[in-house]
Amino acid sequence: MSAATSSRPAPQRPRVRSGGRRRSWSWLRGVAVTVVSLVFALPLVWMFAAAFKTNVQVTDPSVGLIFSPTLDNFRNIVEDGEVFRSMLNSLIVGVVSTVLSAVIAVPAAWAVGRFRMHRTGSVVLVARIVPAISLLVPWYYLFAQIGLVGSYTVLVLSHMFVSVPLILWIMIGFFESLPVELEEAARTDGLSAFGAFWRIALPLAAPGTATAALLAFVSSWNNFMFALIFADEDTQTVPVTLFNFISYASTDWGGLMAAASLITVPVVIAALIGQKYLVAGLTAGATKG
């Protein structure tokens, strides 16, 4: 009896069919991604559509995406030329402040991350938390005394106050994720600490540097407060120019949407060009080991 019992095959557990669950989760993820994409894309679609409308059509709720487009808004912007001048100013300030911030912040981030200077990292975090508006009054007084208000210099310096901590904070985690053995091997071969950083760590940190630089440039491009206080008519940037379309009596909605569409194009192009580095930098900097 015992032999017969032992010779019987053990009962098999019923298999759980996971294919249906996987298809359900895949379908739900697709729906969620579609909904989120539509939510984020709808304001941009409305902005680009409103750029080809008249002010009456923009303010009329019955006028949707089907209307007779007009190019008068873009024609007025081209004839005025103020938007393109402000775009050039924003490009100059954004590129110069980003490059100078990267030159300062990237080596500092390597030193903080490689030599475990956690107190310095905490100071950087405090600098990120301090509201910039609290510094506008002393800054304006200081820059006015030395005659820099209205120049590119004051805009670059004020934007670096945001860009340097931003790049530094991103790159600290990125350098900490790089294997230290590579730099130790380079030091063994005779390189100095800076040489190991320049030849080993910096090339490996290219995706992270591109990510931080792109985010710093976008932050500078969108900065409104510093340009409103420190710039003049010749150096004002695009956010201030957009603000000028709004007056006490009325708002030129068509011109505002056309100008907003134009100033969005450089940022979108920069994001598309640096998309590969942006994704690589964010994912690589998120892990350590």
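The values are calculated or read from the model by the stated rules, or taken from the named source; none is laboratory data. Bear in mind the structure is a predicted one, so any value in this text is a computation, not a measurement. Cβ: placed from backbone, ideal geometry, glycine included. Neighbour counts: every protein chain shown.
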Restricted to segment 143-190, and to residues that are surrounded by fewer than 20 Cβ atoms within 10 Å (Cβ to Cβ) and of a type in the set (Phe, Trp, Tyr), which residue is farthest from the chain's Cα centre (by Cα)? 143
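Could you tell me whether residue 213 is within 23 Å of the chain's Cα centre (by Cα), under 28 Å from residue 55 (Cα atoms), crowded, with 18+ Cβ neighbours inside 10 Å and of a type in the set (Gly, Ala, Ser)?
Criteria not met by residue 213.
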Going through segment 73-86 one residue at a time, which ones are surrounded by 14 or more Cβ atoms within 10 Å (Cβ to Cβ) and in contact with a Phe, Trp or Tyr (Cβ under 9 Å, 6 or more places away or on another chain)? 73, 74, 77
Options 126, 112: the member that is more than 21 Å from residue 219 (Cα to Cα) and either among the hydrophobic types (A, V, I, L, M, F, W, C) or touching a Cys at 6+ places or on another chain (Cβ under 7 Å) (or both): 112
Check 195, 173, 190 and return the single one that is of a type outside the set (Val, Ile, Thr) and outside any helix (DSSP H, G or I). 190
Index of the failed condition, residue 61 passing every other in (1) farther than 26 Å from residue 237 by Cβ; (2) out of contact with any Asp or Glu (no Cβ under 8 Å at 6 or more places or on another chain); (3) surrounded by 15 or more Cβ atoms within 10 Å (Cβ to Cβ): (3)
Say we look at segment 232-259 and pick out the residues that are out of contact with any helix residue (DSSP H, G or I) (no Cβ under 6 Å at 6 or more places or on another chain) and of a type in the set (Gly, Ala, Ser); which of these is farthest from residue 82 (Cα to Cα)? 249
Just a yes or no: is a residue in segment 160-168 at pLDDT 85 or above and not hydrophobic (A, V, I, L, M, F, W, C)? yes
How many of the residues in segment 91-110 are within 10 Å of residue 156 (Cα to Cα) and surrounded by 21 or more Cβ atoms within 10 Å (Cβ to Cβ)? 5
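Taking the stated definitions as given, is residue 207 surrounded by fewer than 23 Cβ atoms within 10 Å (Cβ to Cβ), touching a helix residue (DSSP H, G or I) at 6+ places or on another chain (Cβ under 7 Å) and either of a type outside the set (Ser, Thr, Tyr) or over 16 Å from residue 167 (Cβ atoms) (or both)? Can you show your working first?
On the way: surrounded by fewer than 23 Cβ atoms within 10 Å (Cβ to Cβ): yes; touching a helix residue (DSSP H, G or I) at 6+ places or on another chain (Cβ under 7 Å): yes; either of a type outside the set (Ser, Thr, Tyr) or over 16 Å from residue 167 (Cβ atoms) (or both): yes.
In short, yes.
Is it the case that some residue within segment 106-114 is within 16 Å of residue 215 (Cβ to Cβ) and in contact with a His (Cβ under 7 Å, 6 or more places away or on another chain)?
Here is the first cut: in segment 106-114, the ones within 16 Å of residue 215 (Cβ to Cβ) are 106, 109.
Add one more test, that the residue is in contact with a His (Cβ under 7 Å, 6 or more places away or on another chain), and what stays is none.
There is no residue in segment 106-114 that is within 16 Å of residue 215 (Cβ to Cβ) and in contact with a His (Cβ under 7 Å, 6 or more places away or on another chain).
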With the structure loaded, tell me whether residue 213 is touching a residue at least 40 places away in the same chain (Cβ under 8 Å) and either under 25 Å from residue 262 (Cα atoms) or β-branched (Val, Ile, Thr) (or both) or whether it fails that test. yes
